[in-house]
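**Q** Got a structure here, written out as structure tokens. Questions coming.
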Amino acid sequence: MENFSNETIDTKQLPRFEEVQLTSLHSKYWNVLLINNLILFSILAIAIIFLWINVDDSEKFNPFWVFGIFLLIVNLSFILYRISFKKKAYAFRNHDVIYRSGIIATNTMVVPYNRVQHVALHEGFISRFFGLATVEIFTAGGSSSDVEIPGIAKEEAENIKQLLMGKIQKQL
């Protein structure tokens, strides 16, 4: 206990994660988002049409208002997805992974490799068509992934998984 020291750290000298050059998601991932939304909104449009056909009292159900609101929601969704797509980025450094996302508030997660417990690689049906994958990084203390990076080229995603698995093996 006699050699105990607790020096103050100069926080101005710490490395800044904001200065790291982040990699944007693959441009083909935008196509995946568009197709997913197209499928969702097509199902909703069919439901609206089915409802319109089966409503007896047309005064209670005005299809022009419903389709107007529907188109407004589609356009807003498109704009929000585009902003979200543009803001997502990631970086792998010597000791940690950085992932940035968010539309209104920007969230930046920095996960040190010594906290990584498990890595998973996922390919959805549409993502697989475009040669993309999602890397999920799990840390201790939870059943869901802590970082989920979508829209990475499959070969690069496999390389990232191997890198992280190597980092996990070194810890053991």
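**Q** Restricting the first residue to segment 102-121 and requiring it to be farther than 19 Å from residue 25 by Cα, which pairs with a second residue that is assigned to a loop (DSSP other than H, G, I, E, B) meet a Cβ separation below 7 Å and a spacing of at least six or different chains?
**A** 112/95; 113/95; 115/140; 117/140
**Q** Now a separate question. Of the residues that sit in segment 96-131 and are in contact with a helix residue (DSSP H, G or I) (Cβ under 6 Å, 6 or more places away or on another chain), among the hydrophobic types (A, V, I, L, M, F, W, C) and over 16 Å from residue 163 (Cβ atoms), which one is modelled with the lowest pLDDT?
**A** Taking the candidates together, the pick is 110.
**Q** I've got another one for you. Please enumerate the residues belonging to segment 132-154 that are among the hydroxyl-bearing types (Ser, Thr, Tyr) and at pLDDT 90 or above.
**A** Passing the criteria: only 134.
**Q** With respect to residue 85, is the statement that it is open to solvent by 90 Å² or more (accessible area, probe 1.4 Å) and hydrophobic (A, V, I, L, M, F, W, C) true?
**A** no
**Q** Which condition breaks for residue 50 when tested against (1) in a helix (DSSP H, G or I); (2) aromatic (Phe, Trp, Tyr); (3) surrounded by 12 or more Cβ atoms within 10 Å (Cβ to Cβ)?
**A** (3)
**Q** While we're on this one: I'd like to know if segment 153-172 contains one or more residues that are more than 26 Å from residue 34 (Cβ to Cβ), open to solvent by 80 Å² or more (accessible area, probe 1.4 Å) and in a strand (DSSP E or B).
**A** There is no residue in segment 153-172 that is more than 26 Å from residue 34 (Cβ to Cβ), open to solvent by 80 Å² or more (accessible area, probe 1.4 Å) and in a strand (DSSP E or B).
**Q** Which condition does residue 147 not pass, out of (1) open to solvent by 20 Å² or more (accessible area, probe 1.4 Å); (2) under 26 Å from residue 16 (Cα atoms); (3) touching a Ser or Thr at 6+ places or on another chain (Cβ under 9 Å), if it passes all the others?
**A** Going through the list (1) open to solvent by 20 Å² or more (accessible area, probe 1.4 Å); (2) under 26 Å from residue 16 (Cα atoms); (3) touching a Ser or Thr at 6+ places or on another chain (Cβ under 9 Å), residue 147 breaks only (1).
**Q** What number of residues within segment 88-134 satisfy the criterion of being over 12 Å from the mean Cα position of the chain (by Cα), of a type in the set (S, T, N, Q) and open to solvent by 80 Å² or more (accessible area, probe 1.4 Å)?
**A** 3
**Q** Same structure, new question: Consider segment 1-35. How many of its residues are open to solvent by 70 Å² or more (accessible area, probe 1.4 Å) and of a type outside the set (Asp, Glu)?
**A** Number satisfying all stated conditions: 18.
**Q** The conditions are (1) among the aromatic types (Phe, Trp, Tyr); (2) within 18 Å of residue 136 (Cβ to Cβ); (3) exposed (fewer than 15 other Cβ atoms within 10 Å of the Cβ), and residue 78 fails exactly one of them. Which is it?
**A** Here residue 78 meets the rest and fails (2).
The values are calculated or read from the model by the stated rules, or taken from the named source; none is laboratory data. As the structure is a computational prediction, the values presented were derived from the model and not from experiment. Reconstructed Cβ throughout: ideal geometry from the backbone, glycine too, with neighbour counts over all protein chains shown. To get the accessible areas, we keep the full protein, side chains included, count just its heavy atoms, and leave off ligands, DNA and RNA. Shrake-Rupley method; radii C 1.70, N 1.55, O 1.52, S 1.80 Å.
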